[in-house]
Amino acid sequence: MFGAPQPVTASSPPLVPLPRRPLAPSGASGQVRRWYENELGWTTVPGDPLRLPVGVRYDVLDVPAEAGHAALRRLASGSPVALHGGRMLLLVAAGSAEELPGLLEWLDWGALSLDLVAIGAGGLMEAPSPPVPHGERAVPPARGAHTAAPCEAGVPPAPRGRVGSQGAAVWLRPPEPGCEVEASLPMLSALGGGGDAPDLVRLVNTVATQCHRVRLRRACTQPPAVRAQGR
């Protein structure tokens with residue numbers, strides 16, 4: 001005869017394993033990735049820090065923040081712009097990076113050394129932090145970081161100083177969820193167009209002019225011995 005069934009005590013192993021939750025991104029990194037992929041429909045690159053592939057939907061012009069600030073009025077209101085340390089990242093139409101060398105030559109800037117970098121197909125961009133929703137508390141700036149004064153006429157002011165390159169990228173003009181970013185980006189086909197059509201030629205000419213002015217001003221502030229070595 002079989003004995004009475006023995007009760008399962010707390011120390012006895014469960015007869016059926018408990019279900020496991022699927023692994024999913026957690027924390028701030030996961031939230032940022034979901035914002036890009038779900039809200040914007042942008043592709044992200046696996047890994048941490050989060051990065052965005054360049055050259056598919058947009059290219060990037062990487063310029064000194066001071067020079068980029070002067071070019072903001074050349075952009076459409078919905079054209080995304082980011083800050084990363086002392087640099088400004090201007091999103092432009094895909095394929096613009098390949099056009100930049102010839103465009104600078106055509107604008108008579110090709111012979112000069114400009115602090116202007118174009119990132120195109122195959123490149124990566126650090127994903128800027130998403131904007132803080134209205135009513136939520138923003139993360140305070142890091143100690144020693146320079147903050148900008150309030151903007152005038154809808155154009156944010158230039159930073160008062162050069163922030164270390166170790167700082168995280170942030171959106172100065174964030175992309176709008178539900179909007180096609182391509183429609184707001186400067187492109188060559190807009191040359192000669194009317195209205196508010198973003199124009200890559202005017203944007204590049206403005207940025208190149210400001211990069212040259214920044215370079216001359218920095219050269220003038222260097223000691224004479226340093227200027228002589230740079231000749």
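Read-outs: derived from the displayed coordinates by stated rules, not from any lab. What you see is a predicted model; the values in this text were computed from it and never measured. Cβ atoms come from the backbone with ideal geometry, glycine included; neighbour counts cover every protein chain shown.
Below, the figures for the structure above:
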read-out: Virtual spin-label span in nm between residue 170 and residue 105, 7 Å along Cα→Cβ; value: 4.1
read-out: Contour minus Cα-Cα distance for residue 183 and residue 56 (0.36 nm per residue); value: 44.3 nm
read-out: Cα→Cβ-extended label distance, 7 Å offset, between residue 98 and residue 121, nm; value: 0.5
read-out: Net charge contributed by nearby residues that have their C-beta within less than 13 Å of residue 182 (K/R +1, D/E -1); value: -2
read-out: Segment residue 219-residue 31, extension gain: residue separation times 0.36 nm, minus the distance between their alpha carbons; value: 63.3 nm
read-out: Local net charge near residue 107, Cβ-Cβ under 13 Å (Lys/Arg +1, Asp/Glu -1); value: -3
